Amino acid sequence: LAGTGGPHGHGLGGPSWAVHLESLEGEGEEETLEQQADALARAAGLVNAGRIGELQGHYLFVQPAGHRLLLEMEAIRQQVEAVLAGHEAVRWHSEQRLLRRAKR
Amino acid sequence: SVHFNDPKYPQQWHLNNRRIPGRDINVTGVWERNVTGRGVTVVVVDDGVEHTIQDIAPNYSETLSQKKRKMYKKHIENKSPTYGSPPPSSLARRPALVRSCYGLRCLGIRVLDGPLTDSMEAVAFNKHYQINDIYSCSWGPDDDGKTVDGPHQLGKAALQHGVIAGRQGFGSIFVVASGNGGQHNDNCNYDGYANSIYTVTIGAVDEEGHMPFYAEECASMLAVTFSGGDKMLRSIVTTDWDLQKGTGCTEGHTGTSAAAPLAAGMIALMLQVRPCLTWRDVQHIIVFTATQYEDHRAEWITNEAGFSHSHQHGFGLLNAWRLVNAAKIWTSVPYLASYVSPVLKENKAIPQSPRSLEVLWNVSRTDLEMSGLKTLEHVAVTVSITHPRRGSLELKLFCPSGMMSLIGTPRSMDSDPNGFNDWTFSTVRCWGERARGTYRLVVRDVGDESFQVGILRQWQLTLYGSVWSPVDIRDRQRLLESAMSGKYLHDDFVLPCPPGLKIPEEDGYTITPNTLKTLVLVGCFTVFWTIYYMLEVYLSQRNVASNQTCRSGPCHWPHRSRKAKEEGTELESVPLCSSKDPDEVETESRGPPTTSDLLAPDLLEQGDWSLSQNKGALDCPPQHLDLLHGKKEQIC
């Protein structure tokens, strides 16, 4: 599932956030939402990696890779969280964490 | 009467058990009637597909995989497991699937070979959901007897979206393995994939029909099918991916990971005979046809609707013959109706065993009027409990009929101090029973603490079912039993199917910046070249018009086809003739050229277009043909 939002899958390497957007113009067209997502990702200092599968209005924002200190990362996280939490179109957002899944 | 060239077929007891008759999936009868999963696609969501293995190759969907290859290039390129790395167990699961249903198409989505996030799960669950009919997932949260986890927000949304929009609106079928945590007293109700209403949860039994040591119990398990047991019992014959024995096969595969794809294969058989079965139809047919059998350890209980359920075996053994015969005559169940109680704030202490805390909620006729819910399918309870040692808690749910479900079992290894925070347990044991009445949640603390430490903060009841009445359910049970002789299992009997919805699918392939740059460069070059060519043509025509030699003497334009003119397909051409020059005198004296002279090899190699364009040239003296061969000669 390269390119689908894993922390290393998209090639950008940094932390990522799943964001559920609702169109500010009522029933939003996909394109409008996409533009909205692009703008929001830029505002948060992230890159919009695109829609999450078939889930309309859900986008993955990723932090471009780069060597950063832990403190820097924490500051970035706080900034991102603040931007996403304060935006009126964001219905829900969550930083993507690694899940423990085992074969049976 | 069906014969296979697979030398391992006689050892595949789960398909055709000659040693203990009846202890198999009863599939040969449907194979004989040409029901082999044809036209159905099962995708194994796991760690990839070793599609070159002989067992899989004929069933592997190459077309779709080519499409996937673009999207998952990085992973696909690396898809063959590295020898020496832990064996990817799913490689063994696929042949189990293919062997039970050898007409189907199989595919793989690789999620387990690296880091996995909620968003990746969400993508996987809906990947090509108009093509993939069944998703077989033999994985989940750790079966260590202390994990409580399941799909997160996006995974849940994807499962829900899959059953609503997948498979042209009939709903994707998600088959999940109940878990291998039996030796840790794990329970599949602590696995959110297994207790989701959107999944078909499948457990394993050994050849004798007993729950193997690794298998987990739970109230949300729908059914069981065969896998390996202890060392004395036979396991599942399947592909040995690392070829260490040189045969490419193993007889030693076991675990619920082998059972779930067998179930996926049986569901594929159902979908072949009736493609418009919805995700709920599939669950219903399993409930209606799974067979209870003699196993005194299983503690079977028959509910008010007449369905027998055991925490160990669900509604019983999956039986391919019964499933397919039922599917053949199945008409869709009514819409899914649900009821959600208010969040019930309790803040009550949980007493030590043998005492218990009992909380009630009555669902009245008025409560159900809005949805029309009459009989139950899944019943879910979402609880928030604080407790310093979560594994000491035991939760039981009683439906109005009195049917008890052990939804939360004590787990000695689970010492998590955070209790449960909005964790949803579920049960299928009240399937078909009336929804109206009083539900009882009974919680007790079986830990060693000498004082009360747990508090039930709140709980919420969610009922899922339909407008079917108990009578409707009995009628359907009778109808199905009448079909079990196989009298409808022929091509002439076909119930009409609704067409399904046309749901567009997002193509996950996006153009990379580098590809985009290349395209822009190629585009610019093309535009530049077009302008240059047009200018050249324009200027050369101007030269023709103003050429003195043409004006002073006859200038023969090539003959143009009248038909081409009419059709507007006439091609731009330049008269290939010139005024006489000193060399020309000699050339003309040679007489008209022959066809073989004119049709030089270069021209012959070209298509009709070139020949028609050069017809005009045939009227011209040979030196103009030299021009066609690249010689620089003066022309008009």
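Values quoted throughout were computed directly from the atomic coordinates according to the rules given, and no laboratory measurement underlies them. The structure presented is a predicted model; accordingly, all values stated were derived computationally and were not measured. Cβ placement follows ideal geometry from the backbone for every residue including glycine, while neighbour counts extend to all protein chains displayed.
For the peptide B:159-166, the mean number of other protein chain Cβ atoms found within 10 angstrom of a residue's Cβ is 1. How many angstrom separate the Cα center of segment A:28-104 from the Cα center of segment B:96-124? Using only Cα atoms, the two centres lie 26 Å from each other. Put a plus charge on the Cβ of each Lys and Arg, a minus charge on the Cβ of each Asp and Glu, and nothing anywhere else: the dipole of segment B:182-315 about its Cα centre is then about 400 debye. Other protein chain C-beta atoms within 10 Å of residue C-beta, averaged over B:170-181: 1. By its C-alpha gyration tensor, with a ≥ b ≥ c as the square roots of the eigenvalues, how is segment B:364-464 shaped: rounded for a/c under 1.5, else prolate for a/b larger than b/c, else oblate? Prolate, because a/c is 1.5 or more and a/b exceeds b/c.
Subtracting the Cα-Cα distance of residue B:502 and residue B:5 from 0.36 nm times their residue separation leaves 174.9 nm of extension gain. Ranked by the mean number of other Cβ atoms within 10 Å of their residues, highest first, the peptides A:46-57, B:132-143, A:72-83, B:18-29 come out as B:132-143, A:46-57, B:18-29, A:72-83.
Using a Förster distance of 35 Å, how high is the FRET efficiency between residue B:347 and residue A:85, based on the Cβ-Cβ distance and rounded to 0.05? Computed FRET efficiency for residue B:347 and residue A:85: 0.75. Inter-chain neighbour count for B:186-196: the average number of beta-carbon atoms from partner chains within 10 Å of each residue's beta-carbon is 0.
Near residue B:29: Cβ cut-off under 14 Å, other residues only, Lys/Arg at +1 and Asp/Glu at -1. The net charge is +2. Sorting the segments B:151-164, B:294-307, B:524-537 by their mean number of nearby beta carbons within 10 angstrom, highest to lowest, gives B:151-164, B:294-307, B:524-537. Assuming charge only on the beta carbon of Lys and Arg (+1) and of Asp and Glu (-1), the dipole of segment B:370-513 about its Cα centre is about 680 debye to the nearest 20.
Remark: for residue pairs B:146/B:231; B:127/B:231; B:146/B:345; A:103/B:8, the C-alpha separation exceeds 32 Å in B:127/B:231.
When each of the peptides A:33-42, B:320-329 is scored by how many other beta carbons lie within 10 Å of its residues on average, the order from highest to lowest is B:320-329, A:33-42. Within segment B:123-198, all pairs of alpha-carbon atoms sorted by distance into 5 Å bins from zero give the percentages 3, 18, 26, 22, 14, 10, 5, 2, 0.
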